[in-house]
Amino acid sequence: MTESRMLYAGRYLGLRDSGGWEFATRTNASAVAVLVAVTGDDEILLVEQFRVPVGRTVIELPAGLVGDLDDPHEELLTAARRELVEETGYEASDVSAILTCPSSAGMTDEMITFVRATGLRRVGDGGGDASEAITVHRVPMARVDAWLAGRLAEGTPLDPKIYTALYWLRHGTPATDNSSDSR
C-alpha cells in the first residue's frame, strides 16, 4: 500500500489520502469485534440501535471497538467478551476468532473480526453503555429468517453481516488454515 497522509482527524474518524484515494480511518480504536452468539436455547443474539449516519435504527450482530476505552492495547478477544456483556447482558465461557476481513474495502481501512461466542450465560440486561440505547433481540434460529424478513418489511435496515453469521451457523465456519493453495 502506498504511504498515506491524514487529511482530517476527528474524535472517532479520520480521512486519509493514499495516492489520490481518500478513505475513512478510525482514530479511537484499533479493530472491531463482531459477535456470533447463540444461546443454549438456540437463539441468535441480535441488537438494534439508532445509527446516526443512516438516521434510523438498524438490526445488527453485537459488536464493538477494540481499544476504544482506557486500554489502547486491549486484546481483541477481551474486547469481544466486554462488548458481548455490555450490549447483550450475556457472558461467554469461550470466544474464538472466525475471520478477519475489511468492513468496506473501498471506503475504509477498518478490519473487523467475526468472533464466535459459546457457553453463554445471562449476567445482566445488556443495552449498551451510557451513550447507547440498545435493544437486545433473542431470535430462535428456527424462526430467524421470517423474523428478519418481517423487520425488513417494516422498513428496518439489516446489517448484512447477520447473513454471514447465519451461513456459518448453518454450514460451518471458514477454514482457519491460511496456507495458500495454488490450484
Most fluctuating of L35, L169, L65 in the GNM of the chain (C-alpha, under 10 Å) is L169
Given the options A24, A80, A37, which has the most mean-square fluctuation in a GNM of the chain, springs set between C-alpha atoms less than 10 angstrom apart?
A24
Counted neighbours (other Cβ, 10 Å), sorted fewest up, put F23, F50 in the order F50, F23
Checking L61, L76, L15 against a Gaussian network model of the chain (alpha-carbon springs below 10 Å), the top fluctuating residue turns out to be L15
Can you give the local net charge around T135? Use residues other than it whose beta-carbon is closer than 12 angstrom to its beta-carbon, Lys and Arg +1, Asp and Glu -1.
-3
The chain, helix-only ellipticity at 222 nm - DSSP H runs n ≥ 4, -39,500 (n - 2.57), divided by all residues, nearest 500:
-5500 deg cm²/dmol
Go ahead and collect, in residue order, the members of the range 26-44 whose backbone nitrogen is under 17 Å from a label point 7 Å along the Cα-Cβ direction of A9.
26-31
Normalise the Cα radius of gyration of the range 30-171 by 2.2 N^0.38 Å (N = residues in it) and let me know the number.
0.99
Ordering of 100-106, 110-116, 139-145 by burial proxy (mean other Cβ atoms within 10 Å per residue, highest first):
110-116, 139-145, 100-106
What number, in percent, do you get for the relative contact order of the range 30-171 if the mean sequence gap of Cα pairs under 8 Å and at least 6 apart is divided by its residue count?
31
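Only the coordinates and a few stated rules stand behind these numbers; no lab work does. Remember, it's a predicted structure, so these values are computed and weren't measured experimentally. Cβ: placed from backbone, ideal geometry, glycine included. Neighbour counts: every protein chain shown.
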